[in-house]
């Protein structure tokens with residue numbers, strides 16, 4: 001009754017396509033190994049063919065706390081609500097719901113010029129944490145949306161990070177750098193002489 | 001706007017909605033259901049409609065597609081503080097994705 005020995009060629013080909021789709025979306029080896037029945041050697045070869053590099057080594061992220069800060073929480077909640085819809089309403093398999101849900105999530109990010117904070121491996125571990133009952137969906141008391149939270153956290157009177165962003169929200173190093181670049185551009189438009197300019201003109205002379 | 005114009009506009013919206021729904025459902029049933037917020041039964045029914053049936057259904061005087069936000073959700077999604085306007089669309093997407101499908105039909 002060996003499953004691997006019994007697998008037909010068409011089934012195997014489908015597995016290969018699923019693996020390619022997952023690798024293209026950025027899956028790590030651990031995700032592939034637990035979701036697919038292909039051998040480790042074949043998965044590594046596939047990974048090299050699709051990405052052109054060897055699969056990264058090292059452990060997967062293991063902390064459920066990553067999903068709690070406001071921006072990652074909103075993104076994780078969006079992905080997980082999508083995943084649940086696809087799995088429960090559209091009766092997709094776990095793997096289909098994962099790939100389709102993650103594609104829909106990426107699509108949302110590109111359309112709204114948002115950085116896709118949640119990568120596929122994080123999305124996969126999120127589903128695992130829910131299966132292991134480490135996380136739960138808690139309704140926000142203002143917008144009634146369902147958001148990712150720790151199991152056994154308070155269920156009532158919770159306000160989500162989107163309704164009430166923390167005061168430091170969005171003030172990242174990247175946002176500060178972007179603001180600095182914009183400020184610099186507006187200054188140079190006004191033709192203010194930059195102190196860094198003289199050395200360059202001296203070099204040219 | 002005359003009654004006739006209103007009826008014509010509604011008919012046009014109904015027809016475009018039904019044709020768009022059929023097209024995206026046939027492309028990928030699961031993703032189509034997600035985008036439209038439809039239950040499996042309604043999705044299958046829409047997919048099975050023939051073109052004459054679609055035209056007949058569209059030519060009613062009332063709108064066939066419904067508003068997916070209820071007032072409460074819409075208000076909170078749209079009254080974001082302006083400095084976090086960039087997450088407003090993601091917030092709305094979370095609310096839409098988490099909608100129970102039974103409310104919609």
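Readers should treat all values here as calculations from the given coordinates under stated rules, not as data from a laboratory. No experiment lies behind these values; they were computed from the predicted model shown. In this analysis, Cβ positions are derived from the backbone assuming ideal geometry, glycine residues included, and neighbour counts consider all displayed protein chains.
Overall, the anisotropy analysis places segment A:96-178 in the oblate class: the square-rooted eigenvalues a ≥ b ≥ c of its C-alpha gyration tensor yield a/c not less than 1.5, with a/b not exceeding b/c. With N counted as the residues of the protein assembly as shown, its alpha-carbon radius of gyration over 2.2 N^0.38 Å works out to 1.26. For the protein assembly as shown, adding -39500 (n - 2.57) for each run of n ≥ 4 DSSP H residues and dividing by the number of residues yields -18000 deg cm²/dmol at 222 nm. In vacuo Debye scattering of segment A:1-124, one point per C-alpha: log10 I(q)/I(0) at q = 0.10 Å⁻¹? Normalising to I(0) and taking log10 leaves -0.35.
Over segment A:86-131, the alpha carbon radius of gyration divided by the compact-protein estimate 2.2 N^0.38 Å works out to 1.19. What the Cβ-Cβ distance of residue A:13 and residue A:40 gives, at R0 = 22 Å and to the nearest 0.05, is a FRET efficiency of 0.75.
Semi-axes of the equivalent ellipsoid for segment A:2-61, computed as √(5λ) from the eigenvalues of its C-alpha gyration tensor and ordered from largest down, come to 20, 13, 10 Å. A convex hull fitted around the alpha carbon atoms of segment B:1-65 yields 75 Å³ per residue. Among A:173, A:45, A:111, the largest mean-square fluctuation in a Gaussian network model of chain A, built with springs joining Cα atoms closer than 10 Å, belongs to A:173. Fewest-first ordering of B:6, B:31 by other beta carbons within 10 Å of each residue's beta carbon gives B:6, B:31.
Using C-alpha pairs below 8 Å separated by at least 6 residues, the relative contact order for segment A:1-81 is 23 percent. Compute the FRET efficiency between residue A:107 and residue A:128 as 1/(1 + (r/R0)^6), taking r as their Cβ-Cβ distance and R0 = 25 Å, and round to the nearest 0.05. So the FRET efficiency works out to roughly 0.60. Averaged over the residues of peptide A:78-90, the number of Cβ atoms from other protein chains lying within 10 Å of each residue's Cβ is 6. For chain A, set up a GNM with springs between Cα atoms under 10 Å and report which of A:26, A:52, A:101 has the largest fluctuation. Looking only at A:26, A:52, A:101, the biggest GNM fluctuation is shown by A:52. Please determine, in degrees from 0 to 90 and to the nearest 10, the orientation of helix A:9-25 with respect to the longest principal axis defined by the Cα atoms of chain A, where the helix direction is its Cα long axis. Between helix and principal axis, roughly 20 degrees.
Take each residue in A:144-151, count the other chain C-beta atoms within 10 Å of its C-beta, and the mean is 3. Seen against the Cα atoms of chain A and their longest principal axis, helix A:40-51 is set at about 30 degrees. Label sites at residue A:180 and residue B:47, each approximated as a point 7 angstrom past Cα along Cα to Cβ, lie 5.3 nm apart. Rounded to the nearest 10 degrees, the angle from helix A:120-131 to the longest Cα principal axis of chain A is 50 degrees. Note on residue B:64/residue A:167: beta-carbon distance plugged into 1/(1 + (r/R0)^6) with R0 of 41 Å gives a FRET efficiency of 0.35.
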